[in-house]
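All remarks here apply to the structure that follows.
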Amino acid sequence: MSGPPLSEALIESVQRRLADDRAEPTGAALARAVRAEASVLVTDAEMLRLIRALQRELVGAGPLAELLADPATTDVVVNSPDDVRVDRGAGWERTGIVFADEAAVSRLARRLASAAGQRLDDSQPFVDGRLPDGTRLHAAIAPVAASGSCLSLRVLRPIRHDLAALAAVGTLRGVAEATVRAVLAARLAFLVSGGTGSGKTTLLAAMLAAVEPGERLVTVEDAEELRPPHPHLVRLVARAANVEGAGAVPLRHLVRQALRMRPDRIVIGEVRGPEVVDLLAALNTGHDGGSGTVHANAAADVPARLEALAAPAGLTREALHAQLGSAVQVVLHMGRPDGRRVLAEIAVLIRGADGWVTAVPAVIDGQPSGDGAALLRDVLASRGVGVPW
């Protein structure tokens, strides 16, 4: 006699029994629940199969756990029950993982949302949160996910690369490493720009690790990524609202708190909203050497990107450019031209006679470039630091 199939009804009944018994989904607890809920006799072999299947359904990231545990994995997405993809640093790859059906994807999405302390149901059909291990979670279900429940998981691991290691793997080419070190030595304020997965946080963490040990760093992040091995580091991490919609601590509030913590350098892990106003204000009040990351397609697009982020906070375009021109000196733009993460451009921000800030390329693909190189040389010289070329 064959055992019962792993149906949605059996999964839900086992979940209810575990909840009623306040039991963890251990092998023994699952075996007791299956025997209590199954309508037919279950052999030892069938029981083992069911326990393994239930643990995949009820524990952690289920069938995605192996992908997430791979040290090379940066992102995992579920587009449909039979379309699971992984990015290990070289673009999207299809995997052999297949969910039983749409309901199985939906169950995993709801369970991960619950682990992130958030709701995912008909009244709240999407969630953006952080799992206990730091993994970023985004999930959407019907009706907003017209093609079926979908999941996006971004693995956040402590970044341990230093500048020498990045140079060795080709991320910092030519004079790029020496220029980056000169930017740090001159205490220039800088932004690292680039697209998703381009290596912005990796470069920023490596640069922070190279800051003089006597300086006090205060980092502010939405998701905990920056853990540079620096001896004087304070990390602040924003908090999302709980399932009742209360308890949120937004990034902007933490930036203000960071200013009261006597930082030598204040760092925003990712400038993505109104906190840009507070960051620019901080950098204009004596906090040299501050930094952050920002999404942008090119260094030249950074001023416009910051305009868009500052507008909802009530900062006009004129005011944004006035603050940006005196607060930030350099943009480091990361790219993936051949699939590998590289520091594609180092640009100097200058404010023109018309009042608008523009980014002038100083180093392109590791080589000094035209007027921008001369501008960067002058900026470094004004801080007593020589050019690295």
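Run down ARG94, ARG111 and say which single residue is buried (at least 16 other Cβ atoms within 10 Å of the Cβ), more than 27 Å from LEU280 (Cα to Cα) and charged (D, E, K, R). Selected residue: ARG111, the only one of ARG94, ARG111 that is buried (at least 16 other Cβ atoms within 10 Å of the Cβ), more than 27 Å from LEU280 (Cα to Cα) and charged (D, E, K, R). Residue-level check: of (1) hydrophobic (A, V, I, L, M, F, W, C); (2) crowded, with 20+ Cβ neighbours inside 10 Å; (3) more than 22 Å from the chain's Cα centre (by Cα), LEU306 misses just (3).
Filtered by the rule that a residue be buried (at least 19 other Cβ atoms within 10 Å of the Cβ) and touching a helix residue (DSSP H, G or I) at 6+ places or on another chain (Cβ under 8 Å), region 71-86 gives THR73, VAL76, VAL78, VAL84, VAL86. Yes or no: region 129-136 includes at least one residue that is in a strand (DSSP E or B), at pLDDT 85 or above and not assigned by the TED database to the domain that holds MET207. Among the residues of region 129-136, at least one is in a strand (DSSP E or B), at pLDDT 85 or above and not assigned by the TED database to the domain that holds MET207, which makes the answer yes.
Across region 337-389, the qualifying residues are those that are surrounded by 14 or more Cβ atoms within 10 Å (Cβ to Cβ), assigned to a loop (DSSP other than H, G, I, E, B) and among the basic types (Lys, Arg), and the one among them that is modelled with the lowest pLDDT is ARG341.
When region 107-163 is filtered for residues that are farther than 29 Å from PRO71 by Cβ and among the charged types (D, E, K, R), the ones remaining, listed by number, are ARG119, ASP121, ASP122. Considering only residues in region 210-226 that are out of contact with any helix residue (DSSP H, G or I) (no Cβ under 7 Å at 6 or more places or on another chain) and either under 16 Å from LEU191 (Cα atoms) or of a type in the set (D, E, K, R) (or both), the one that is surrounded by the most Cβ atoms within 10 Å (Cβ to Cβ) turns out to be THR219. Scanning region 122-164 for residues that are buried (at least 19 other Cβ atoms within 10 Å of the Cβ) and of a type in the set (D, E, K, R), we see that the one that is farthest from ALA248 (Cα to Cα) is ARG154. Against the definition (in contact with a Pro (Cβ under 9 Å, 6 or more places away or on another chain), in a loop (DSSP other than H, G, I, E, B) and not hydroxyl-bearing (Ser, Thr, Tyr)), how does ALA146 come out, yes or no? The answer is no for ALA146. Of all residues in region 280-303, those satisfying the criterion of being of a type in the set (A, V, I, L, M) and either crowded, with 19+ Cβ neighbours inside 10 Å or touching a helix residue (DSSP H, G or I) at 6+ places or on another chain (Cβ under 8 Å) (or both) are LEU280, ALA281, ALA282, LEU283, VAL294, ALA296, ALA299, VAL302. Among the residues of region 249-272, those identified as in contact (Cβ under 8 Å) with a residue 12 or more places away in the chain and either surrounded by fewer than 16 Cβ atoms within 10 Å (Cβ to Cβ) or in contact with a helix residue (DSSP H, G or I) (Cβ under 6 Å, 6 or more places away or on another chain) (or both) are PRO250, LEU251, ARG252, VAL255, ARG256, GLN257, LEU259, MET261, ARG262, ILE266, ILE268. Looking across region 19-64, the residues that are assigned to a helix (DSSP H, G or I) and at pLDDT below 65 come down to ALA19, ASP20, ASP21, GLN55, ARG56, GLU57, LEU58.
The values are calculated or read from the model by the stated rules, or taken from the named source; none is laboratory data. The model shown is predicted, which means the values in this text are computed figures rather than measured ones. Every residue, glycine among them, receives a Cβ derived from its backbone with ideal geometry; neighbour counts consider all protein chains shown.
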